[in-house]
Structure formats: structure tokens, C-alpha cells
1. Between Thr267 and Ile284, how many nm apart are label points set 7 Å from Cα along the C-beta direction?
2. Can you compute the FRET efficiency between Glu187 and Cys244 using 1/(1 + (r/R0)^6), with r the Cβ-Cβ distance and R0 = 45 Å? Round to the nearest 0.05.
3. State whether the chain is rounded, prolate or oblate according to the following rule on the C-alpha gyration tensor (a ≥ b ≥ c being the square roots of its eigenvalues): a/c under 1.5 gives rounded; otherwise a/b larger than b/c gives prolate, and the remaining case gives oblate.
4. Using only helices, what value at 222 nm comes out for the chain when you add -39,500 (n - 2.57) per DSSP H run of length 4 or more and divide by the total residues, to the nearest 500 deg cm²/dmol?
5. Among all cysteines in the chain, which have no other cysteine Cβ under 4.7 Å from their own Cβ?
6. List the lysines whose alpha-carbon lies under 26 Å from that of Lys263, not counting same-chain residues fewer than 8 positions away?
Amino acid sequence: TDVWVKHWWATPSMDWFRDHFCYNNTAHTKCTVPVGGGADYNDETEWCKALYNATDCRPIRDEAQEETRAAYYLFMTANGVLGLVLILLLFLALTLLEGIITPPIVQSSKQTNVPLWLTLPIIGCLAGGSVLLFSPSTATGEESNGQIFWIGVTYMTSAGTFFIAALLGWFISAFSVLNNRDKRHKEIAILSFILTMVLTVLSVAAIFSASLIYLANIVDVGLDDQIRGTIACYLDTANSCTNCDGEGDGKKCPEWTTDELVKVLQTQLKQSATLAAILSIYAISALR
């Protein structure tokens, strides 16, 4: 949040926040002072003097950003609490429903909907794996820390096991038992489904554990100045970076600090752990 507010502050996506928190109608003037004064000025004060003949641009911006962060944290906390309440209500509703409907009907309904139930985990695994494997700004990319590259690979592996489980679930629900041979085939399919889901649970549990472990150790990722600048230029979609083309004599994107990049990498690992926890819920529910 801190990085997002700081570097995307002057973009149209932040207009609402600037309109509400910037002092005395400065939302589109002084309050938009770029980090470090931007490409054409040495600092914020020089930018402020050149454009508005004043020196209070940075204090106005900093105060508005602080209020924005506070409002955002309050909003996210409220949403988190609401989400937990909704999860609890959903769990209670499902438990009561299973108590009302007879077990054979519940089991038959679960078997029929297993392929559809596992569609979202497949998409989630592919999305998580693609981001972690192919984005140069990620915590598992070669430019940040190749030692945890396998997290992205494990996401792809989990997508494969979820897909196999979905196919087996479809086979189990659609295959009719007409004789002993059919019964034996269906038993093999059920055992294969259980084994596949157990492997999937172990896989997403490993992703969850690894994400938390490296989240605690990401401060030691070891970014040199060249890698810091390259990743910062990739992340910066708000044009707050300077010298990203490397034509100048200075550093690439001096506006972004190593600490800010570490925060972004920590956010990615938090998202990875959250996604793995959600995937584990899907996998365990499919086994019930």
C-alpha cells in the first residue's frame, strides 16, 4: 500500500483520494509533486518553485498520502473481517444443508460437481505459476532470487494434479456400473482420485509453507543496484521512474529504493501464501 500510494499518487487512478485528502483544492496542482521532483528537477522544492512559486508542495502531498494510507488500511481491515464472517456463515449453511439432505443425495451432488468445483483452482494455479515464473519483477525470478524459483513450478504442477483430479471426478460421476469389471474400474478411478488429491494437498501446503518461510527471509534477497533499477522500471507503470532506458549517466529509477522493492516482493509472497491457503480449502473439500 505504501509503495502504491507513493509511486502512483499522480495517476488518474488516485484522483478520488487526492480530491478528498489534498489540502485546499491542490489535488491536481501542488499535491501531484513527483517523487524527487521528477526527471526535470533535482527535488520536490525545485519543482514546486518552478511551477507554482511555492515551497509547500511536498508537505501537502505527504499529509494527503498519510491520510490515504490510513483510510485504505481501515477499508482493508473492515473487508477482511467481513470476509471471515461470510466464510463462517457459508460453512454453517453448508453444514446445516448436509444435515437436512440425506447423505446419498449430498454425495451424488458432490460427485457431479467435482469437475466444476476444481475449475477455479486450476485457473488460480496457472495464474499464480505464470506470474511467478515469467514476470521479471517477481520474488522467484532470476533477477531477484532463483533459489525459490520452484514455487512457480509447484503452482504449475498443482494445476496439473487439479486437472487430472477433475478428469477423474468427471469419469467417476459419468461412469455407470453394469458389472464387476465396471465396478473394479470405478474403484481404481476413486483410488486414483484420492491419491491425486492427497498429492495436490501436499503440493499446495508446500507452496504455503515456502511462501511464509521466504516471506520472513526476503529482506536478505540481495538486490544490487542494476537489478533494483531493472525491476523498478518494470514495476513502474505510473511513469515515476527516470533513466529507465539507461541512456543517462545516473542510476536506473533512483526514485525507487531497495526497501520499496522488498515490500513489493513481500506482497507477492503474501499473495502466494493466501492463494495456496484457498487452494488447499478446495482440495480438502473435494476429498470430503
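1. With each label placed 7 Å out from Cα toward Cβ, I get 2.9 nm.
2. Numbers: r = 60 Å, r/R0 = 1.33.
E(calc), rounded to 0.05, equals 0.15.
3. Values: a/c = 3.73, a/b = 2.11, b/c = 1.77.
In terms of gyration-tensor shape, prolate.
4. Working: 10 runs with 201 residues, N = 288.
Rounded to the nearest 500, the figure is -24000 deg cm²/dmol.
5. Cys125 - these cysteines have no disulfide-compatible partner (Cβ-Cβ under 4.7 Å) in the chain.
6. Within reach: Lys6, Lys251, Lys252.
Since every read-out is calculated from the coordinates, none of them should be taken as a lab result. As the structure is a computational prediction, the values presented were derived from the model and not from experiment. Neighbour counts are summed over all protein chains in view; Cβ atoms, including those assigned to glycine, are modelled from backbone coordinates with ideal geometry.
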